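Step one of this worksheet: look at the structure below.
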Amino acid sequence: MAGEDIDALCMEAVELIAQHGNVSAASRATGIPRKTLSGRRDIYLRNGGNIDPAVKEGMDAIGAKQVPRTLWIKTDANGNKTYSAAMGPKGADAIEFTDLVRDALDDYQPLDRKLFAPRINRNAPGEGLQVIDLADVHFGKLCEVGETGGTYNVEVARHRVIEGTRALLGRAENVGRILFVMGNDILHTEDGKATTSGTAQDHDGTFFMAWKAAQQASIDAISECAAVADVDLLHCMSNHDWRQGWALSQAIAAGMASHDRVRATEYNMSTRHRKYYGFGRNGLGFTHGDGAKEEKLYGLMATEARDLIVQGCDLFYWYLHHLHHKIAKRRGVDVFQTEKDHTGNMTAITLGGPRVEGGTAKIEYVRSPSAPDGWHNRQGYQNRQAVETFIHHPHDGQCDRFTRWF
């Protein structure tokens, strides 16, 4: 196939996508695989409509019908050239990231807000901060009722993100700003097969299905939040999806970039292990929970979030994830107080310790809406599934919390 023919195919792909509105619609109308259309479009965009002449030369020499992933052209001392190429993805199941993001956004249709009941008590902004932290959703996790006694899959995860967010918004009052926490194992795997460290996982459907569902459900949930108050986005790195979870948060933030009530700063969306957020006297810390030990967190906040302390933050809170069930503790120099679920059905609170929160940090693990999979069920790990929200008053600290159980 000559280089000119490749150019024509790439141009045709761009025109078809423009004509039908998106890659999926063009694929359905023409019968050309979506991957082929999006790949040709990417070639066109990367090269301004023209394939590099050296690449064309190599493709013509080896008779390639698609642009190779990598092309080597070697010239010996006599000027003779030899060509070798690596075709296709890096592995049989490798995922082209740009295709993944573009196709997911192409298919996205926002929720019709007319289907939902009108909100009440939302006429005037309040003064509180609502932290919505949908922890450890694990899109792609597979739980079969015959094995574990419960069902969890991509569709259940989608429902719990959207309906859980709406329920939490409906419970809170006097909210003037929302902090929406992302990441924290929102995806069950890095590639549909295993976690970042390579631990094999059962998976519901394809990785693309999980990615697309997580992206679209998150955008819907953030849109729900933005109907109530201004929203700050914040990403937490996590162990199941260290790379893809971060990339997904970037794609979600990009999808919301034009919304005038949603903000995603470079710091909040960075790969930092621990993030800090100031609100009045509140100094909030966020981390997944699989890194620094609890006894170090108070000192780390005092060191890493000095700017918040200088600004007047003296009520300290850490929100951790990873464990899927509720544990709350206080740690400071001399104080150690715990609250922990003993039955899975209630939280037992141990009274004592200082009544003033300055000088200690409250460390709280956030509940997960995801059910135990086969391995966790065999090991006897159980959690009461829920999503949670926390309300912070600018002067009084954490003043309320609400839970939506599943």
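The values are calculated or read from the model by the stated rules, or taken from the named source; none is laboratory data. Treat the numbers as computed from the prediction; the structure is a model and nothing was measured. Methodologically, a virtual Cβ is constructed for each residue, glycine included, from the backbone with ideal geometry; neighbour enumeration extends over all protein chains shown. Areas reflect the complete protein model, heavy atoms only, side chains present, ligands, DNA and RNA absent. Shrake-Rupley method; radii C 1.70, N 1.55, O 1.52, S 1.80 Å.
Using R0 = 56 Å, the C-beta based FRET efficiency linking residue 400 and residue 18 works out to 0.70.
In terms of accessible area, using a 1.4 Å probe and ignoring ligands and nucleic acids, 20, 138, 159 rank largest first as 159, 20, 138. The residues neighbouring residue 81, those whose beta-carbon lies less than 10 Å from its own, together hold a net charge of -1 under the Lys/Arg +1, Asp/Glu -1 convention. FRET efficiency for the residue 127 to residue 227 pair, using the beta carbon distance and R₀ = 25 Å, is estimated at 0.85.
Peptides 75-81, 24-30, ordered by how many other C-beta atoms sit within 10 Å of their residues on average, highest first, read 24-30, 75-81.
Over all other residues within a Cβ to Cβ distance under 11 Å of residue 261, the charged ones net out to -1, with Lys and Arg as +1 and Asp and Glu as -1. Answer rounded, prolate or oblate for the stretch 265-338, using the Cα gyration tensor with square roots of eigenvalues a ≥ b ≥ c: rounded when a/c is under 1.5, else prolate when a/b is larger than b/c, else oblate. Since a/c reaches 1.5 but b/c is at least a/b, the shape of the stretch 265-338 is classed as oblate. Accessible area per residue for the stretch 212-302, computed on protein heavy atoms with a 1.4 Å probe, is 37 Å². Accessible surface of residue 219, taken over heavy atoms with a 1.4 Å probe and every protein chain present, rounds to 10 Å². When each of the peptides 370-379, 160-169 is scored by the mean number of other C-beta atoms lying within 10 Å of its residues, the order from highest to lowest reads 160-169, 370-379.
Take the residue pairs 141/329; 275/362; 296/326 and return only those whose Cα atoms are more than 22 Å apart.
Working: 141/329 29 Å; 275/362 16 Å; 296/326 20 Å.
Long pairs (Cα-Cα over 22 Å): 141/329.
Quick one: net charge of residue 279's neighbours, Cβ under 13 Å, K/R +1, D/E -1? Summing Lys and Arg as +1 and Asp and Glu as -1 gives -3. Annotation: extensible slack from residue 83 through residue 11 equals 23.3 nm (criterion: 0.36 nm per residue apart, minus Cα-Cα distance).
Between residue 197 and residue 260, the modelled labels are 4.7 nm apart [label points 7 Å from Cα along Cα→Cβ].
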